[in-house]
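Everything below concerns the one structure shown next.
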């Protein structure tokens with residue numbers, strides 16, 4: 001009897017070590033991690049599995065936290081946190097993820113300050129959606145200047161895309177572009193704040209033109225009044241092919 005208990009204990013400890021090794025060396029590879037958790041469910045204890053899962057989940061949330069809002073604390077409000085649950089059990093967690101995303105999107109649309117705080121996380125989500133490749137073709141400068149710089153490392157990005165696919169057709173209908181259309185102009189810095197190098201402003205203005213021409217024209221009209229003497233600014237805008245006549 002005692003020998004069997006010892007063997008069971010040893011098997012649990014070995015399973016925990018294997019799982020911890022996978023989490024440590026391959027945390028960004030979600031399919032690999034979930035395979036390890038599945039194996040642990042056979043050899044290990046459920047309470048230990050849930051503790052290790054929560055620790056790994058928090059680690060991924062922090063790795064994806066481009067806004068630095070989840071550093072050193074657990075952030076269960078993150079869409080990343082909820083997407084991990086979808087990847088674990090789509091039937092159980094898919095609708096909760098979609099409901100959370102609806103509320104998160106509404107916060108972006110209705111509260112500019114929220115958007116300005118969270119836009120990097122929104123950029124990451126926008127770039128992993130099934131519609132991202134088509135968006136890149138339609139709005140190449142927006143993709144290059146706004147979305148691409150907010151990517152995570154490749155293995156983690158692939159895991160995020162894979163997890164989104166577990167939403168099925170609902171994932172293909174997620175569309176954050178109304179948020180970008182409404183608020184992208186708020187991210188464009190004032191030309192007077194960056195010396196005499198205006199290439200970055202010109203490229204962001206080109207991204208804005210691709211997403212919301214009316215907002216672009218409004219901003220150009222304002223710049224004509226306040227920055228009309230900045231010849232380098234207008235030269236850069238011409239150089240990147242922007243209309244402002």
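The values are calculated or read from the model by the stated rules, or taken from the named source; none is laboratory data. Fair warning: this is a prediction, and the values are worked out from it, not measured in the lab. Every residue, glycine as well, gets a Cβ built from its backbone with ideal geometry; the counts of neighbours run over all protein chains shown.
Any chance the range 46-59 includes a residue that's modelled with pLDDT under 95, surrounded by fewer than 17 Cβ atoms within 10 Å (Cβ to Cβ) and within 21 Å of residue 153 (Cβ to Cβ)? Yes, the range 46-59 contains at least one residue that is modelled with pLDDT under 95, surrounded by fewer than 17 Cβ atoms within 10 Å (Cβ to Cβ) and within 21 Å of residue 153 (Cβ to Cβ). A count restricted to the range 172-201 and to residues that are modelled with pLDDT under 95 and assigned to a helix (DSSP H, G or I) stands at 7. Being buried (at least 16 other Cβ atoms within 10 Å of the Cβ), more than 13 Å from the chain's Cα centre (by Cα) and under 30 Å from residue 217 (Cβ atoms) is a description that applies to residue 182.
Answer yes if at least one residue in the range 44-59 is in contact with a helix residue (DSSP H, G or I) (Cβ under 9 Å, 6 or more places away or on another chain), assigned to a helix (DSSP H, G or I) and touching a residue at least 60 places away in the same chain (Cβ under 8 Å), and no otherwise. No, every residue in the range 44-59 fails to be in contact with a helix residue (DSSP H, G or I) (Cβ under 9 Å, 6 or more places away or on another chain), assigned to a helix (DSSP H, G or I) and touching a residue at least 60 places away in the same chain (Cβ under 8 Å). Filtered by the rule that a residue be more than 31 Å from the chain's Cα centre (by Cα), part of a loop (DSSP other than H, G, I, E, B) and within 25 Å of residue 182 (Cβ to Cβ), the range 216-245 gives 227, 243, 244.
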